[in-house]
Amino acid sequence: MRVLIDNCLRDHPLCKAAAKQRQYPKRLIDVGGLENYDSVRIVASTEAQETKAGYLALSHCWGDVPPDAPWKLTSSRLLSYSTSISLHLLPRTFYEAVRITRKLGERFLWIDSLCIIQDSVEDWISEAKNMGYVLLITDTSFPQIPRPSVLTYIDFMFPSIGDVYAGSLCTLSAASDNANGGLVLPREDYPDPSGLELHWKLSTEKPRRVVFYPRSPDSALLGSSPVYQRAWCLQERELSLRLVQFTTHDFHWVCLDGRISEGDLYRDRLDISQAINRTHNLQENDPFGQPYQLSQGLPASRTEDQHYNYWYRTMEIFSASKISDASNRHAALQGLLNRQIQRLPDTFTAGLWRGDILRGLLWMANADEPAEAITEPPVAPSWSWMSLEAPIRYQLAMGIPSSHTKETDDECLPNISITEPVASHSADPYFGHRRSVLDVKGTLVDLICPQSRAGFNEAPLYHPDEYAERKWRGEVQFDTTQNATACKRIAAMPLTLALVTRSQEPIYHGLALVPSGREDLDTEAPVYRRVGYISDLDGTLFKNAEPINFSII
């Protein structure tokens, strides 16, 4: 691992180009040396800055944490922990991170629970900037600290792009699902890395040699690792310049210039530079990057569509990740969002980009998993994927160039603007996101969707005048099981023309809408909510349809 880090620091042009002047967090853990076996201590980061020393960062799942866990820094422990913390007090994941830091010859380590005072609002506010987060503090976050009852949220919108992780020498990503589970898990049986070697020689050729190696299971295992299933950990690894992910079989190295597993090094018998260059070439052929560290294939020189598609692919992974409090979904994206805005200046609202709004609306719930809407508290409007607690897919949107939705004279396609309400009575930083409204001028056609089959959220669409003949006009995939059960009629709204069609008539992809039932909105235009995604929508339905003004909430 030390050789990998040194090789990256010395030989990787992308990593060098991305490196910036390191910004240190407020505190670090001084792990000392191998001779200081029994303890560590909390120090001000100035000790590292004075010698320009680097530090490692730990990305991990907390699991169930006892309120009095000794591995949480509190105001009362700060003085004593600045002198010494016995390693016997640390959970296994922390202990192993300390050991690895020492063996790598580094002196400093950052762990969130030990470097941020957990019972101090002020310290969380200060360090949230370095972590790249918008910090949401509810009335129950720090019950021991009195505050006015009207203060529900504290909002801190910082321009940071996750300086703790981006500034670390390397991020260590734990294999377990809790602090006591360990950074490195016990190794399971691993295929023999030696491979099967064959030699042959034809009379007119030089001797030839081929080696067959068993397939490494580790790439598949990465996606099932606990940290790859947690929403907060997604941006931690995405913002890291260098990452070592531990699995049940080996570790994986990822940096801007490539990736490699421990098993690859053994099997290929290549030097590190050759191995990383080889795997980097494979990564370049993948339009979406790997299922981790997606951003590393997307420098600022990429096209606008590639930046948007990176976001959509990342949101597919984020939507499938777990988060204990759904109201924190916006906050868990903030570090990635801040960096994306630097690469792609645009306005972000409720999970979508205004500059690519039509493609952004082309998400669909994963048909293989049941989805439910998040209603209490409301997290996002119905037209946003963030309103669902389920995996979503952007497969169609990523296959359509943004120019296909912008450079068109099709009068059936809508003009959309977004209204974000300003909250004078709430300190919720995401109030506007949660209650944003789509103001639309477009065409709508009422269609019938009979009862979908039990266990399925898809249903065919028919025009009311043609229902007796069952003339198929498209298919709706409902966003939730509840919508599939309750909706018998929908208003179909076209969003974009299909790229490939066998018909001479236009075929659209669009949204399924129903009246919102809201009577508290100050508008005379009809108000709808989204209930599903429509594919293969028959364009002849809209030949005589007149555009109208309406809203979607």
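A full extension of the chain between THR523 and ARG41 corresponds to an added length of 167.5 nm, given 0.36 nm per residue minus the alpha carbon distance. With a threshold of 19 Å on the Cα-Cα distance, the over-threshold entries among LYS441/LYS543; LYS26/LYS103; LYS471/LYS543; LYS26/LYS322 are LYS26/LYS103; LYS26/LYS322. Residues in the stretch 70-82 carry Karplus couplings, in order, of x, 8, 10, 6, 10, 4, 6, 9, 4, 5, 5, 6, 6 Hz; the curve used is 6.51 cos²θ - 1.76 cosθ + 1.60 with θ = phi - 60°, and Gly or Pro positions show x. Compute the Cα gyration tensor for the stretch 1-111, then decide on rounded, prolate or oblate, letting a ≥ b ≥ c be the square roots of its eigenvalues: rounded whenever a/c is under 1.5, prolate when a/b is larger than b/c in the other cases, and oblate in all that remain. The shape class here is prolate. Packing, taken as the mean count of other beta carbons within 10 Å per residue, orders the peptides 532-540, 508-516, 49-57 from highest to lowest as 508-516, 532-540, 49-57.
Potential lengthening of the chain between SER324 and ALA367 amounts to 13.2 nm, from the contour at 0.36 nm per residue minus the alpha-carbon distance.
Between GLU122 and ARG354, the FRET efficiency from the beta-carbon distance, with R0 = 35 Å, is close to 0.50. Grab the beta carbon distance between LEU9 and THR347, set R0 = 35 Å, and tell me the FRET efficiency rounded to 0.05. Using R0 = 35 Å, I get an efficiency of 0.40.
Only protein heavy atoms count here; on that basis, with a 1.4 Å probe, GLU411 has an accessible area of about 150 Å². Modelled spin-label separation between LEU198 and THR83, with each label point placed 7 Å from Cα along the Cα-to-Cβ direction: 6.9 nm.
Ordered by solvent-accessible area of protein heavy atoms (1.4 Å probe), largest first, the residues VAL3, VAL65 come out as VAL3, VAL65. When all protein chains stay in place and ligands, DNA and RNA are ignored, the 1.4 Å accessible-area order of TRP232, TRP124, TRP383, largest first, is TRP232, TRP124, TRP383.
Derived scalar couplings between HN and Hα for the stretch 334-345 equal 4, x, 5, 5, 4, 6, 5, 5, 5, 8, 9, x Hz in order, rounded to whole Hz, by the Karplus curve 6.51 cos²θ - 1.76 cosθ + 1.60 (θ = phi - 60°), x for Gly and Pro.
The label point for ASP305 and the one for ASP64, both projected 7 Å from the Cα toward the Cβ, are 5.0 nm apart.
The modelled label-to-label distance between ARG92 and ALA468, using points 7 Å beyond Cα along the C-beta direction, is 7.1 nm.
A 1.4 Å probe over all protein chains sorts THR408, THR480 by accessible area into THR408, THR480, starting with the largest.
The values are calculated or read from the model by the stated rules, or taken from the named source; none is laboratory data. Everything numeric here is computed off the predicted structure, so don't read it as measured data. Note: ideal-geometry Cβ built from the backbone for every residue, glycine included; neighbour counts use all protein chains shown. Accessible surface is based on the protein model in full, side chains and every heavy atom, while ligands, DNA and RNA are left aside. Shrake-Rupley method; radii C 1.70, N 1.55, O 1.52, S 1.80 Å.
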